[in-house]
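Enquirer: My questions all concern the structure below.
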Amino acid sequence: MTTLAHIPQLLVYGIISGSIISLGGIGVSLTYSILGFSNFAHGDFMALGAYIALGLFTLFTGLGITNAPFGPLSFGFGFVLAFILAIALTAIAVILIDRLLFRRLRRSGPVILMMSSIGVALGLRNILQFFWSPQPHYYSQAIQPAVSLGVLNIRIKPDELFIIALAVVLVIVVHAFMRYTKMGKAMRAMADNATLAQVTGINTDRVIIWTWVIGAGLAATAGILAGIENKFITPELGWQMLLSIFAGVVLGGIGNPYGAILGGMVIGISEEVSTAFISTGYKPAVAFVIMIIMLLVKPTGLLGRKD
Amino acid sequence: MSLLTVEKVTSGYGDMEVLHEVSIAVDSQEIVTIIGPNGAGKSTLMKTIFGLLKPKSGRISFSDHEISALSADRIVRLGMAYVPQVENVFPSLTVRENLEMGAFIRSDDFSGRIREMYDLFPILGRRGRQQVGKMSGGERQMVAMARALMLNPQLILLDEPSAALAPNLAEVIFERIEAINDTGVAILIVEQNARQSLSLSDRGYVLASGRNRFTDTGENLLANEEIGQLYLGG
């Protein structure tokens, strides 16, 4: 019974981890549906964002910019500023990578693009290791006590509530963008049929840039949130999460950003809840098993299209 | 000077040449039909005109612009629109969103144009919020045509607009094509089963094995026995 009593708490851990996986998954899903390839560099975009935030945060601390914590959270103004700028800089870096590499290979087909994304992944990870070493780095070493929610013995840290809240807000913003803005509609149109989008006069190059802005921005956010949750970052941070992210994207229906959100949440929760029954070391295997079962049973995913 | 002039264009996919020195012309406000058997190169010709395939030789010009080397997104800005034979709508978007995408490059208020499209295709007006992927073939064809008309083109290319439609629906589509033409838009149609299309065309071309075979007025082509037997199914 002790195991079962832990489940509500594990569920909460799962929601936290699922929030981060979902934010990563939206970008993978958009890249897949609009640019037509599986981007294996997405995890390393997350790490890039986490390290840019670290670099800026270190710089701001050196400049004496205050980081007095906001209420119960572990960080303050300096970190939030670094967070926001890191999102923008990651998006710019990724657009540069697209201009230098992916754009030139666009006509070569999805396999070449996927292979080149593996190259980008390795390159980025090694650049991060070169500058910051493979050793872990910390945003903050302060210990934050978890607070009780008062139900089912669930305890959660204020930072973790922030992670969930930010993920929810960003998902709503992305939804509104895709649903109601001209560019969001053009992204959905291009995901439907890229040739027809071009024939229609849609500026497909601009759609691609926006796809990277959203994908890379959310990747940076996910990377930084993972750093807040884990308390440390390493250059491997994103790569290690990529399996869970892909599993979530496949589970939800590849190419459907809403599926990626749902799938990421299911994977995050499954991974955490599984630790009540099997060793923590099997967490990645849980994601893998779910992905394989989904591919066997319903390859189009939970929210996948029929065609 | 014709609105669209295709001069001795050779084109195809990779090393495979499908069109051999094909020439056609479309004047302002004309309806022109290209007929020919399966594999004659009709769709290839459409794609080449619209910049989706680069001609290997020959010239294409449209309203005083040489367009042989332009890409589709540039050509659409010159006032030409293209409705492919298949996959010619954005299925996950609503009817209205499809029309908005048709007006993507317009920065002015195009709600009036959407109303005109709803007048032209009343069924679309009643289903503006419906997802196009859930609509019938005939309705999708109307969405595709309305989408292409959003930029007020001078010329619209229709690739087999009645293919896979029931005869009564095909009739509705052709009747709408005439209505579009009445607003001053020139129309170039490619058709396999072309009697209906030729009957409303000013002129027609017969294409076979990627070469020009005949050209005449729509009426004369319909009356020509040889063409009737060879290309119009007797």
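The values are calculated or read from the model by the stated rules, or taken from the named source; none is laboratory data. As the structure is a prediction and not an experimental result, all values here were calculated from the model. Note that each Cβ is placed from the backbone with ideal geometry, even for glycine, and that neighbours are counted across all protein chains shown. Surface accessibility is based on the protein's heavy atoms, side chains included, excluding ligands, DNA and RNA. Shrake-Rupley method; radii C 1.70, N 1.55, O 1.52, S 1.80 Å.
Enquirer: Kindly evaluate residue A:207 against the criterion of being among the hydrophobic types (A, V, I, L, M, F, W, C), crowded, with 20+ Cβ neighbours inside 10 Å and in contact (Cβ under 8 Å) with a residue 40 or more places away in the chain.
Expert: Answer is yes for this residue.
Enquirer: May I ask you to list the residues in the range A:34-86 that are in contact (Cβ under 8 Å) with a residue 12 or more places away in the chain, part of a loop (DSSP other than H, G, I, E, B) and not aromatic (Phe, Trp, Tyr)?
Expert: Across the range A:34-86, the qualifying residues are A:36, A:38, A:39, A:41, A:65, A:66, A:67, A:71, A:72, A:73, A:74.
Enquirer: Still on this structure: State all residues of the range B:188-234 that are β-branched (Val, Ile, Thr), over 17 Å from residue B:173 (Cβ atoms) and crowded, with 17+ Cβ neighbours inside 10 Å; if no residue qualifies, say none.
Expert: Correct list: B:206, B:215, B:227.
Enquirer: Among the residues of the range B:65-75, which ones are at the interface with chain A (Cβ under 8 Å from one of its Cβ atoms) and either modelled with pLDDT of 95 or more or open to solvent by 10 Å² or more (accessible area, probe 1.4 Å) (or both)?
Expert: Within the range B:65-75, B:71, B:73 meet the criteria.
Enquirer: Evaluate the following for residue A:96: is it open to solvent by 30 Å² or more (accessible area, probe 1.4 Å), in contact (Cβ under 8 Å) with a residue 24 or more places away in the chain and in a helix (DSSP H, G or I)?
Expert: no
Enquirer: Let me ask another. Quick one: what pairs do we get from the range B:104-115, first residue away from every other protein chain (no Cβ under 13 Å), second part of a helix (DSSP H, G or I) and not β-branched (Val, Ile, Thr), C-beta under 6 Å, 6+ apart or different chains?
Expert: Here the result reads B:114/B:99, each pair linking the range B:104-115 to a residue that is part of a helix (DSSP H, G or I) and not β-branched (Val, Ile, Thr).
Enquirer: Restricting attention to the range A:246-294, which residues are among the aromatic types (Phe, Trp, Tyr) and surrounded by fewer than 22 Cβ atoms within 10 Å (Cβ to Cβ)?
Expert: Matches in the range A:246-294: A:258, A:277, A:282, A:288.
Enquirer: Could I ask something else about it? Looking at the structure I just gave you, is residue A:285 within 21 Å of the chain's Cα centre (by Cα) and more than 26 Å from residue A:171 (Cα to Cα)?
Expert: So residue A:285 passes the test.
Enquirer: Continuing with the same structure: Which of the residues that make up the range B:40-54 are without any contact (Cβ under 8 Å) to a residue 40 or more places away in the chain and surrounded by fewer than 19 Cβ atoms within 10 Å (Cβ to Cβ)?
Expert: The one that is without any contact (Cβ under 8 Å) to a residue 40 or more places away in the chain and surrounded by fewer than 19 Cβ atoms within 10 Å (Cβ to Cβ): B:52.
Enquirer: Same structure, new question: Looking at B:156, B:123, which is the one that is assigned to a helix (DSSP H, G or I) and either of a type outside the set (Lys, Arg) or surrounded by 16 or more Cβ atoms within 10 Å (Cβ to Cβ) (or both)?
Expert: B:123
Enquirer: If you don't mind, another one. Return the total of residues in the range A:210-243 being open to solvent by 40 Å² or more (accessible area, probe 1.4 Å) and either assigned to a helix (DSSP H, G or I) or in contact with a Phe, Trp or Tyr (Cβ under 7 Å, 6 or more places away or on another chain) (or both).
Expert: 9
Enquirer: Hey, can you tell me all the residues within the range B:69-99 that are in contact (Cβ under 8 Å) with a residue 40 or more places away in the chain and of a type in the set (S, T, N, Q)?
Expert: B:85, B:88, B:92, B:98, listed by residue number.
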